[in-house]
Amino acid sequence: MSSEGTFPGTDLKADPPPARLGTHVVFTVDAKAANGQQETLVCLVYKDTLHTPRWGLPGGTWGEFDHESPVHAAARLVRVRLDSDAGVSPVVIGVDWVPRDRYAPGVNVVLDGGELTDVAANLMRPTPGSGYGEVRFVAVDKLDTVVIDQHSKRRIVAALEARKAGRGFPMTQLGVPLPDVVRSA
């Protein structure tokens, strides 16, 4: 697997694995810095490829299942795709099952990236070749202006509601809790 989180020589849309595993991160920006409204980070994915452009949470499919946890994969994808060393919490705030459609079925783990300072938020940007065309912080009530598919919007809203209600649960590895914040090496 490449450092960008793709499988060399494999088109995941044309030749998907039997099931996909994805990891996504909810980052928000300090509400005081965003005119009193909490905003969440969304990325325009696949802008420069043949795939349909769409907005969604940062993260993606990962395949290094033999040695990389979803939390470590998320931290790596944030570093590689957004040029950011923002940590990822091992607190799961969503598990989203995507049934088979024209692609393989999959499970997406949604992790809590926490609240970023205005400075840290402004430093997040797509890296060349990341598959991300643009990043924005968007208020939840404005998600319809950028999120193309409704399941992505529902995933974001459900994860934010779970975080607000304290309904997250810790991810463990072999039953051992992961550190409070995981950063990519």
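The values are calculated or read from the model by the stated rules, or taken from the named source; none is laboratory data. As the structure is a prediction and not an experimental result, all values here were calculated from the model. Counting neighbours? That spans all protein chains shown, and the Cβs are built from the backbone with ideal geometry, glycine included.
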Residue among Val135, Val110 that is within 17 Å of Thr40 (Cα to Cα), surrounded by 15 or more Cβ atoms within 10 Å (Cβ to Cβ) and at pLDDT below 90: Val135
Restricted to region 122-131 and to residues being under 15 Å from the mean Cα position of the chain (by Cα) and modelled with pLDDT under 90, the residue surrounded by the fewest Cβ atoms within 10 Å (Cβ to Cβ) is Gly131
If you go through region 162-179 one residue at a time, do you hit one that is part of a strand (DSSP E or B) and closer than 15 Å to Gln38 by Cα? no
In region 85-129, which residues are hydroxyl-bearing (Ser, Thr, Tyr) and in contact with a strand residue (DSSP E or B) (Cβ under 9 Å, 6 or more places away or on another chain)? Ser89, Tyr103, Thr117
Output yes when any residue across region 163-170 is touching a residue at least 24 places away in the same chain (Cβ under 8 Å) and either among the aliphatic types (A, V, I, L, M) or on the phi > 0 side of the Ramachandran plot (or both), and no when none is. no
Being at pLDDT 70 or above and among the β-branched types (Val, Ile, Thr) is the filter; apply it to region 9-57 and report the residue that is surrounded by the most Cβ atoms within 10 Å (Cβ to Cβ). Thr23
